[in-house]
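Remarks on the structure that follows.
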Number of protein chains: 2
Amino acid sequence: MSEHELRVSKIRNGTVIDHVTGGQALNVLAILGIDGASGESVSIGMNVPSDRLGKKDIVKVEDRELSQSEVDVLSLIAPEATINIVRDYEVVDKLRVERPEVVTGVLSCPNRNCITQGNEPVASKFDVVADGVRCSYCGEIVREDIAAHLDVA
Amino acid sequence: MSEHELRVSKIRNGTVIDHVTGGQALNVLAILGIDGASGESVSIGMNVPSDRLGKKDIVKVEDRELSQSEVDVLSLIAPEATINIVRDYEVVDKLRVERPEVVTGVLSCPNRNCITQGNEPVASKFDVVADGVRCSYCGEIVREDIAAHLDVA
């Protein structure tokens, strides 16, 4: 039973992102800039049964150790995520996602008149507020479905 | 070793799409309309070592048996894919992707003046030709990177 529940096998080296909100795995990949094209070995389990979350996603990225700042952006879509850094099949570091104060260049402002939406060389920048994120340039607030505004195509 | 190479564990019921061209797993999900939001259990291995393909992707969709016509569209991006229908951990049917003659409603025509790109209620339709696909309406041909024209957002 437990073998069947594992879904995605252990990795030798890399980062295991566990307890991702169910159905958010593809958005995790988008935030991390992973689409498979550059040959990264990645395993994903979507909507795996979880005692804690009901259903969860899990993402294992081989041969890449994510930094605290990289994983903190994940808190916007997967606030319960836990991060394990793995070397030679052993967990050598555990991180928790922490809500960042500012998110730069990951989200796209939904306000079409925002300077970041024009042809100016201005990267998007959002302040993380209690109930969402607020564009640092135009003040537009994104509260729900932040993943829909991922600017990572 | 073989256990570590499996990457994605066996499923009880559903469809296993194996020998997918390396890096194309997310496009397979897009074609099948799977983004995790509707709660489907899906396991994915990206860029797994493969004797035959060098690197391959594998997608396991639980509790859903894909039909021949559903998998045929996958031939456009994963011509070597093999499909196993699984019931109670046993393979009960094997399918191969076959190049369809026509693809309807999956791809988006890159010609901005094409009628399918306007506000008309016209679904996209492409004839599959030797070196790509040709829009049945305007004749525009897409040869390379067909995945970039997936109309499945």
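The values are calculated or read from the model by the stated rules, or taken from the named source; none is laboratory data. Note that the coordinates shown come from a computational prediction; the quantities given were computed from them, not determined experimentally. Neighbour counts run over all protein chains shown; Cβ positions are idealised from the backbone, glycine included. To get the accessible areas, we keep the full protein, side chains included, count just its heavy atoms, and leave off ligands, DNA and RNA. Shrake-Rupley method; radii C 1.70, N 1.55, O 1.52, S 1.80 Å.
At a glance:
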quantity: Residue of B:Arg99, B:Arg143, B:Arg134 that the Gaussian network model of chain B assigns the largest fluctuation, springs spanning Cα pairs under 10 Å; calculated: B:Arg143
quantity: 1.4 Å probe accessible area per residue over the range A:14-96, in Å²; calculated: 40 Å²
quantity: Cβ-vector label at 7 Å, A:Asp88, separations to other copies in nm; calculated: 4.5
quantity: Computed over the range B:112-153, Cα set: Rg, Dmax in Å; calculated: 10.4, 30
quantity: Heavy-atom accessible surface that B and A bury in contact, both chains counted, 1.4 Å, Å² to 100; calculated: 2000 Å²
quantity: Computed over chain A: relative contact order in percent, which uses C-alpha pairs under 8 Å that are six or more apart; calculated: 22 percent
quantity: Sparsely packed trypsin sites (Lys or Arg not before Pro) within the range B:5-75, loop by DSSP, other Cβ within 10 Å at most 16; calculated: B:Lys10, B:Arg12, B:Arg52, B:Arg64
quantity: Three-way shape label, the protein assembly as shown, alpha-carbon gyration tensor, a/c 1.5; calculated: oblate
quantity: Anisotropy class of the range A:14-96 from Cα gyration tensor, a/c 1.5 cut; calculated: rounded
quantity: Highest-MSF residue in chain B out of B:Val61, B:Val73, B:Val122 [GNM, Cα springs under 10 Å]; calculated: B:Val122
quantity: Alpha-carbon centroids, the range A:40-68 and the range B:1-79: separation in whole Å; calculated: 16 Å
quantity: Exposure rule at most 11 other beta-carbon atoms within 10 Å, DSSP loop GluC sites (Glu not before Pro): chain B longest free segment; calculated: B:1-100
quantity: A:Thr15 - accessible surface, heavy atoms, 1.4 Å probe, Å² rounded to 10; calculated: 0 Å²
quantity: Closest approach to the A/B rotation axis among chain A Cβ atoms, residue and whole-Å value; calculated: A:Ile44, 2
quantity: Average other protein chain Cβ within 10 Å of Cβ, residues B:33-40; calculated: 5
